[in-house]
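Rule-based calculations on the coordinates, nothing more; no lab input. Just so we're clear, the structure is a prediction, and the values are computed from it rather than from any experiment. Methodologically, a virtual Cβ is constructed for each residue, glycine included, from the backbone with ideal geometry; neighbour enumeration extends over all protein chains shown.
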Amino acid sequence: MAGVAPQRSGPAPQELELPGGKSGFRNWLDRQAWRDIIIAVPYIWLILFFVAPFIIIIAMSLAKSVIAQPPFKFDETWPYVTFENFERLFSDYVYLRGYLTSLRNALIATALCLLLGYPMALGIARAKGVWRNILLLLVILPFWTSFLLRVYAWIGMMGSNSWFNRGLTSLINVFLPAASEINSVPMMNSNFAVILVVVYSYLPFMILPLFANLEKLDYTLNEAAMDLGSRPMQVFRDVTLPLSIPGIVAGCLLVFIPATGELVIPSLVGNAGDPMIGRVINDEFSLNRHWPMASTIAVALLMLLVVPIMLYNRMQEKASEGVK
Amino acid sequence: MRQRSTFLFSVLCFGFAFFYIPIISMIIYSFNKSRLATVWGGFSVDWYFKLFQNAQIIKAATLSLEIAVISATFATILGTMAGMALARFSRFRGRTLFSGLVSAPLIMPEVITGVSLLLLFVFMERYFGWPAKRGFTTVTIAHTTFALSYVAVIIQSRLLSMDQSLEEAAMDLGSKPWQVLFDVTLPIIAPAMISGWLLAFTISLDDVVITNFTTGPGATTLPILIWGKVKLGVTPDINALATLIVLVVSIGVGLAGYLMYRAEKKRDRDIQMALAANK
């Protein structure tokens with residue numbers, strides 16, 4: 001990036017150049033060096049450890065699997081690559097079902113996060129003074145404590161002997177006829193458990209962007225609508241809700257995208273017979289040692305998520321421009 | 001109005017109960033005497049003592065802390081640079097790609113990042129001979145890579161909300177750009193760098209999926225150890241370990257939050273006084 005022409009158009013003072021300065025290395029060192037270094041170092045790091053791996057995983061998805069070390073091989077004749085992994089991806093129902101299970105679980109979890117997170121974010125945004133900070137800290141605190149341990153906490157809650165399960169069982173039995181009473185609620189190792197724990201783990205990711213959005217809303221608009229005779233529900237529907245759409249979209253993307261590729265939760269509380277795609281990738285990679293197939297599933301997952309990821313990146317970009 | 005407030009209040013109560021009941025339940029059961037994790041057998045702190053005698057856990061915790069300190073430090077350096085580039089240089093070649101690369105790891109499913117990094121390390125080992133085997137180095141590189149995005153976002157938003165006139169004034173008074181950087185910009189964003197470091201540290205300490213793919217034999221971090229144990233079921237010693245971690249993190253977050261709050265208050269007061277003195 002050295003030798004990029006000095007930019008006179010930018011508003012930032014760093015980009016101003018003295019007219020007719022010295023030339024050569026000293027000049028670069030004095031004026032441009034720090035700027036070039038600041039851009040180049042993280043850029044090169046990300047190319048090496050974020051872009052290069054993607055190129056390799058795409059290449060790997062076009063390789064053949066062999067029983068050897070390492071367990072893959074490229075064809076030795078033209079065109080060197082094979083699409084057999086992608087063919088298998090679409091012909092073997094195991095993979096398609098993995099994607100469908102993932103999308104379904106992630107969609108349900110996102111919807112539940114929104115249903116629970118929106119009123120919570122609104123409640124926190126409307127809270128007064130010190131309370132608002134305390135409530136916000138209470139949302140952030142679980143996010144700082146270990147993710148794995150939060151999943152673990154639910155394993156303890158859902159087990160058939162736990163106080164929670166027994167309590168729930170007695171509650172349900174109140175409504176059931178004596179003949180069909182149940183011994184325990186089968187919660188563990190099911191997609192229900194996966195969705196519950198995903199909602200639990202990702203709820204802060206829904207609340208925080210929503211709160212940031214709702215907090216900035218101009219409350220006088222609500223008052224104006226109220227003065228003009230709207231009922232509270234109408235004010236919410238016509239004023240608050242439309243204005244909070246950027247927060248809703250950001251929160252939903254932040255929950256939906258990682259939840260679709262979730263590995264830890266389905267591995268610990270999920271149904272092994274109907275696994276989410278993250279678990280399928282992991283099993284293919286670690287148990288079957290079929291690296292090309294695992295790469296193919298991962299590449300296809302990335303293609304599935306590329307639209308929401310781009311959407312999220314655009315929103316980030318817009319948000320940072322908005323601050324300027 | 002009254003009715004809706006009641007509604008919001010009850011949802012908040014439900015939400016926070018949902019957040020905290022599992023954690024509280026886990027903490028209570030860590031004092032359970034019984035070996036059966038879900039049946040109450042009386043109060044005891046045995047599991048805590050057993051924890052400190054478990055060499056395997058101590059070793060894994062030490063390794064995790066080492067990786068977290070090193071990767072958080074690298075991530076803070078790289079992330080600060082990336083955040084500055086995004087906040088201060090409105091145009092340079094490849095800026096759009098760069099900004100995408102910085103924010104993508106934040107939401108990229110970890111499985112994809114993990115598998116692709118593992119493949120990269122396998123290729124590097126084969127064709128460059130470095131890193132010779134997977135373990136400490138590869139995990140540290142992996143953690144640095146995804147944590148730098150979090151630092152960059154924090155630094156970027158701090159710089160965007162910061163008053164640029166200080167930097168301009170230093171430039172007008174004849175400072176070279178790098179002098180402005182070290183004398184003006186860095187001291188101002190230091191609190192943001194500290195929170196970035198803390199976030200990178202906790203994320204590294206907590207990571208399971210990417211570590212699982214990039215680690216090798218002999219380099220078992222604490223989350224990987226817990227992950228292996230939890231797969232086999234709930235045990236009281238994990239309850240005790242979890243309680244300790246929750247306790248340490250809560251104290252850490254509370255203390256960091258309080259110190260930053262105080263520093264901010266002090267800075268605001270100093271600015272106010274300076275303004276008042278100049279009137």
#### Entry: Percent of Cα-Cα distances greater than 47 Å, calculated over the protein assembly as shown
19
### Summary
Under a Gaussian network model of chain B whose springs join Cα atoms within less than 10 Å, the largest fluctuation of B:Ser99, B:Ser161, B:Ser149 belongs to B:Ser161
### Query
Can you give the relative contact order of chain A as a percent, counting alpha carbon pairs under 8 Å and 6+ residues apart?
23
### Task
Could you list the square roots of 5 times each eigenvalue of the Cα gyration tensor of segment B:38-278, that is, the equivalent ellipsoid semi-axes, sorted largest first and rounded to whole Å?
39, 26, 13
#### Entry: Percentage relative contact order, segment A:142-284, counting C-alpha pairs under 8 Å, at least six apart
27
#### Entry: Radius of gyration and Dmax over the Cα atoms of segment B:1-158, both given in Å
22.9, 69
#### Entry: For chain B: relative contact order, % (alpha-carbon pairs under 8 angstrom, 6 or more apart)
30
### Query
What order do you get for A:Tyr95, B:Tyr48, A:Tyr202 when you list them from fewest to most C-beta neighbours inside 10 Å?
B:Tyr48, A:Tyr95, A:Tyr202
#### Entry: P(r) weight above 38 Å for chain A, C-alpha pairs, percent
39
### Query
What order do you get for B:Cys13, A:Cys113 when you list them from fewest to most C-beta neighbours inside 10 Å?
B:Cys13, A:Cys113
### Task
Pick out which of A:Ala259, A:Ala40, A:Ala106 has the largest mean-square fluctuation in a Gaussian network model of chain A, springs linking Cα atoms closer than 10 Å.
A:Ala40
### Message
Over the Cα atoms of segment A:34-159, each weighted equally, I'd like the Debye log10 I(q)/I(0) at q = 0.15, 0.20 Å⁻¹, rounded to two decimals.
### Response
-1.06, -1.14
### Query
Highest GNM mean-square fluctuation, chain A, Cα pairs closer than 10 Å: which of A:Leu311, A:Leu196, A:Leu221?
A:Leu221
### Message
Taking beta carbons within 10 Å but only from partner chains, what does the mean come to for residues B:204-216?
### Response
3
